[in-house]
Structure formats: C-alpha cells, structure tokens
Amino acid sequence: MSSINQAKAETQKLIKRYHRLQAEAKTADTAEEAARKATEADKLVSQINALQLAVAKLQGKNKIPKKTVATSAKTEVKKSIKKTVVEDRINRLEEAQKRTRTQIEQLSNAKAQLAHLKHQAEKSVANNEEKLQQELARLIKKKEAEHQALRRELEHIRQQATKEADLLKVQRDTARAVMERQKKAEKEHTLAAIRHGDHKGLLLGVIIGIIFSLILGGLFLFIVKKYEPVKKSRTEPVVHNSTFEEPTENESPSLVPKQAYQVRTLGKFHDKLRHGKGPLMVKLSGGTFKMGSKIFTHTDERPQHEVTLHKFSISRYEITFEEYDLFAKSTGHPFPDDMGWGRIKRPVINVNWEEANDYTKWLTKQTGHQYRLPSEREWEYAAAAGRDTIYWWGYRIGKNNANCGMCDSKWDGMQTAPVGDFKPNPLGLYDTIGNVMEWTISCFRPSYQGAPSKGHRWKGGNCSWYIVRSSSFRTYDEGLRTTKRNKFSPGTRLDTIGFRVVRVD
C-alpha cells in the first residue's frame, strides 16, 4: 500500500503543478508564453496518466477511466489558452477602436472649425463686397453729378463764346466798313488834291489817314484782347479731413497791407428766427472806396471808380448747409446735394440764384428785418476790407491762406472747406477768396462804364445773367482776386457756387 500511496502523492503534486501552470497560462503576458505553459501542462498530463495507470494496476483495476482528471485539466488549459488569445485580440481591437474614435472626434472638430472659419470668411467677403458696392455707387453718383455740372458749365461757356464771337464779328465788320469808307474818302480826297494841285491838302489827307488808321488798329486790338478766351487750369484732387472751430473775437491777420480806405466793424449779431437763430452778421461802417481793377486787361472790372456806401451788415461766413437746411425743411425746398463732402459747417452748394434769393426772403419773414443777396459793390467793399491789393493779405497767394486750386491747403482743387477754417480778413469775414464763388443781386453788365458813384445797388443790366463774385476751391491764379466777376444764368447749380447775405439797416 505504500507504493500506491506514494504514487497517489506524486499524482497530487503533479496535479497541483498542473493547476499552477494552468493559472500561469491564463495570466501570461503573451500568446507565446501561454503556449509554452500549455506544453508543460501537456507533459504533466502524460505523467499524471502514467501514475494513475500505475495506481490502477496496483489496485487491481482492469478498466482505465475514459476520462481522467488530467484529460479534463488538459481540455481546460486549451480552452483557457484560446480564451486568452481571443481576449488579447479583443483588447487590441478595442484599443484600435478607441484610437479610431478619438481620431474621428478630432477630425469632426477640425471639420466644424473649418466650416466656422469658412462661414466667417464668406460673411466678411459679403460685407466687404457690400461696402465696395456702396462706395462704388456713391462714387458713380458723385461722378455723374460732376459730369452734369461740367456739361452745364460747358454749355454756358459755349453759349457765352457764341454770343461773344457774334459780337466780335459785328464789331470787326463795323471796323472794316469804317476803314473801307475812310480809305475811299482818303483816295477821293487825294485825287481831288492832285487834280487841283493842292499839295498841302494832299499831305494833310495822308497824315489824317495815317492817324485814323492807327486809331482803328488800336480799337481792333482792344476788341480782340477783350474777347480772347481765358485758358483754364486743371489740378488733381487731394483728399483731407477737417473740423470746424468757432473763431475767437481777436482773430485777425497780423501782417496785412496798409489800408487804402477806411472801413471798420460796428459789431456782430444773430437775428432770432422762430425756431433757432439766423446767420452771424457783421455790421460795417459806411465809406468811400475805389471799385474795380487797376489792371488794364481786366476790362470787365474797369474803369476803376469811386463808390460811396452807407453802413450795412453782411454775413460773416458763406451760408452753410446747416443754415440752408433749416430753411429747406421749413419751406419744402429741396435739400441741395453736398457731393458726399459733408454738410453742417460747409458752405451750401448746388443752389441756383432763385433758391438763394428765396432764402433771403424767408429770413426777412422770420426776423422782420430786410435781408437780400449782396450787390457787387457791397460784396467788394466788404471782401477787400480797405485794401487795394490783389488779395486782402497782399500780392502773393502764399500758403494756406484760402482754399483754391493753388493755395496749398488741405482741400485744394478737391472740395469745399468748412467755413471759418482760414484766417478772416481785417473785418472778420471768412473765405472772401476761394472756397465757393458767391451769388449777388446784381444783373450783368459788361463793364463799370457809367456806374453811379453813390448807392448800394446799380439797378438795371441784363438780368438773364447774374454776377457771381470771387473764386472757388478749383480756381487758379488768374481768377483769384477780390475784384473778379463771373456771370451765370439764374438757374445754374454748381458745386463751386454758394452765397452770403446782407441785411439792409
């Protein structure tokens, strides 16, 4: 029995070792290690079977169990190994799936961000496109307005040139007819002198003929010079920004020419309107001044003559959009186009003579005082401010003294400047040179011939044209002077024409 017990004990050891290998195979890190453990377990199964066979023989058993513990253990080990391989594969697949899911989430986030960026880009492009379209539409409108203004001005110049050409032709034909008659008379006189042997008479006739020819030649040159067309300069626009500041009471140039005549300010005031206040007015003393140009070639500004005026008031600034819009809103008049340059403190433009005159009538009703457009002589008296120089500040245009085509200001040749942005003249009036030309109440006359020496208005003239004084932001040297005269039909609207007003005391 000791041999049987010993065999049983050995069998139990092998079974324990078999179970340990089975456990180690389950916890093996790799499939290779698990297979090795399984091989060792198979060997143990063979040994266990041999021991069990020996025990059976010793116990006298003839039949060997078909299914032994070792066989069952072997089967369990194989199942365990397969399960371990499958679990390992499942784990690897799960990890791969997890990585794939992470990558899918990352790609989804990237796709969402890309869609967001694309939406923002499309929105920005749409906004920029809309802004560009609006800017383009504004520029097109502006250029169309400029084109229309140029067409009107060209038509006006063409009509004026046609009339002047017709007048010149008539004057030339008249001069030629006079010369022909004179030559014929001289010839007849000479022949008569020859026939009668009057040599003294012949000599006298020749001398008279030469003198008369010189006079007619000078008259002909004068007519040609008078109606010779004036060349206009052009300039490229430069865009700048500006602000309006109310000038101080002591504001005036320090270096100005000596006064040629005495004129002084008697105060400043605003008349009250029903809703608001009227333009700022400057009251001027009366006096006598020489009106017109000293330069012989400025024939429409001659002859220079003395004019005596009583005291009157004139607006310190050119009438602004702010002031005119109040009138338009109150009366139903159209609001003038500001060309996109801004309103408020900029001088009103694109108003014709009738509209400017209606504004003065409205001021009269609102205030109870007599307002109107200035006459030529009132305008020049106030603009020159006692000086007889080309500009109220001297003979040279200088820099930044005004807004014109060559004044070296921020707005030269491009657009109007806010009123009051440059130095005032000695009477405290602004923009009497440049910025905008200004309507007057005076009808057109080709010169000052026969002008009265007294009175604020020289009534009469050709009222199919009205005089516009001074110069604008587009004017070059030839047109920059306080004596400059221009004529336009009363229906003309230009971005270079505005106005100021007077109050008759």
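Among the residues of region 250-282, count how many are modelled with pLDDT under 65, charged (D, E, K, R) and either surrounded by 13 or more Cβ atoms within 10 Å (Cβ to Cβ) or over 22 Å from ASN403 (Cα atoms) (or both).
Of the residues in region 250-282, 0 are modelled with pLDDT under 65, charged (D, E, K, R) and either surrounded by 13 or more Cβ atoms within 10 Å (Cβ to Cβ) or over 22 Å from ASN403 (Cα atoms) (or both).
What are the pairs with Cβ atoms under 9 angstrom where one residue, in region 329-353, is assigned by TED's automatic domain parsing to the domain that holds LYS487 and polar (S, T, N, Q) and the other, located anywhere, is part of a loop (DSSP other than H, G, I, E, B) and surrounded by fewer than 14 Cβ atoms within 10 Å (Cβ to Cβ)? Sequence gap at least six, or different chains.
Hits for this filter: SER330/ARG274; SER330/HIS275; ASN352/GLY491.
Does ASP388 count as charged (D, E, K, R) and either at pLDDT 95 or above or buried (at least 22 other Cβ atoms within 10 Å of the Cβ) (or both)?
no
PRO490 passes all but one of (1) farther than 20 Å from VAL348 by Cβ; (2) surrounded by fewer than 22 Cβ atoms within 10 Å (Cβ to Cβ); (3) modelled with pLDDT of 95 or more; which number fails?
(1)
Only one residue in SER442, SER464, SER471 is part of a strand (DSSP E or B), touching a helix residue (DSSP H, G or I) at 6+ places or on another chain (Cβ under 7 Å) and not aromatic (Phe, Trp, Tyr). Which one?
Exactly one of SER442, SER464, SER471 is part of a strand (DSSP E or B), touching a helix residue (DSSP H, G or I) at 6+ places or on another chain (Cβ under 7 Å) and not aromatic (Phe, Trp, Tyr), namely SER442.
Against the conditions (1) in a loop (DSSP other than H, G, I, E, B); (2) buried (at least 20 other Cβ atoms within 10 Å of the Cβ); (3) out of contact with any Asp or Glu (no Cβ under 6 Å at 6 or more places or on another chain); (4) not charged (D, E, K, R), where does VAL419 fall short? Just the number, please.
VAL419 satisfies every listed condition except (3).
Residues are listed down the side, and each one gets a yes or a no for (1) among the charged types (D, E, K, R); (2) within 30 Å of SER489 (Cβ to Cβ); (3) not assigned by TED's automatic domain parsing to the domain that holds ARG474:
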site: ARG92; (1), (2), (3): yes, no, yes
site: ALA115; (1), (2), (3): no, no, yes
site: LYS131; (1), (2), (3): yes, no, yes
site: ALA145; (1), (2), (3): no, yes, yes
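Please determine, by comparing only the residues of region 306-330 that are touching a Lys or Arg at 6+ places or on another chain (Cβ under 8 Å) and part of a helix (DSSP H, G or I), which one is surrounded by the most Cβ atoms within 10 Å (Cβ to Cβ).
PHE321
Considering LYS43, LYS82, LYS98, which residue is assigned to a helix (DSSP H, G or I), modelled with pLDDT under 70 and charged (D, E, K, R)?
Step by step, each of LYS43, LYS82, LYS98 is checked, and only LYS82 is assigned to a helix (DSSP H, G or I), modelled with pLDDT under 70 and charged (D, E, K, R).
Looking at region 308-339, which of its residues are more than 23 Å from PRO424 (Cβ to Cβ) and either touching a strand residue (DSSP E or B) at 6+ places or on another chain (Cβ under 7 Å) or small (Gly, Ala, Ser) (or both)?
Those that are more than 23 Å from PRO424 (Cβ to Cβ) and either touching a strand residue (DSSP E or B) at 6+ places or on another chain (Cβ under 7 Å) or small (Gly, Ala, Ser) (or both): THR308, LEU326, ALA328, SER330, GLY332.
Among the residues of region 354-412, which ones are free of Cβ contacts under 8 Å to residues at least 40 places away in the same chain, part of a loop (DSSP other than H, G, I, E, B) and β-branched (Val, Ile, Thr)?
Listed by number, the list is empty, since nothing qualifies.
Can you tell me how many residues in region 449-493 are of a type in the set (A, V, I, L, M), in contact (Cβ under 8 Å) with a residue 60 or more places away in the chain and touching a strand residue (DSSP E or B) at 6+ places or on another chain (Cβ under 6 Å)?
Number satisfying all stated conditions: 2.
Would you point out which residue out of THR432, THR475 is among the β-branched types (Val, Ile, Thr), assigned by TED's automatic domain parsing to the domain that holds TYR391 and more than 21 Å from THR360 (Cβ to Cβ)?
After ruling out the rest, the residue left standing is THR475.
Taking into account only those residues within region 423-447 that are among the aromatic types (Phe, Trp, Tyr) and buried (at least 22 other Cβ atoms within 10 Å of the Cβ), which is nearest to the chain's Cα centre (by Cα)?
Looking at the filtered set, the residue picked out is TYR430.
Against the definition (crowded, with 22+ Cβ neighbours inside 10 Å and either in a helix (DSSP H, G or I) or not small (Gly, Ala, Ser) (or both)), how does ASP495 come out, yes or no?
yes
The values are calculated or read from the model by the stated rules, or taken from the named source; none is laboratory data. It should be emphasised that the depicted structure is a prediction, and the values quoted were computed from it without experimental measurement. Neighbour counts are summed over all protein chains in view; Cβ atoms, including those assigned to glycine, are modelled from backbone coordinates with ideal geometry.
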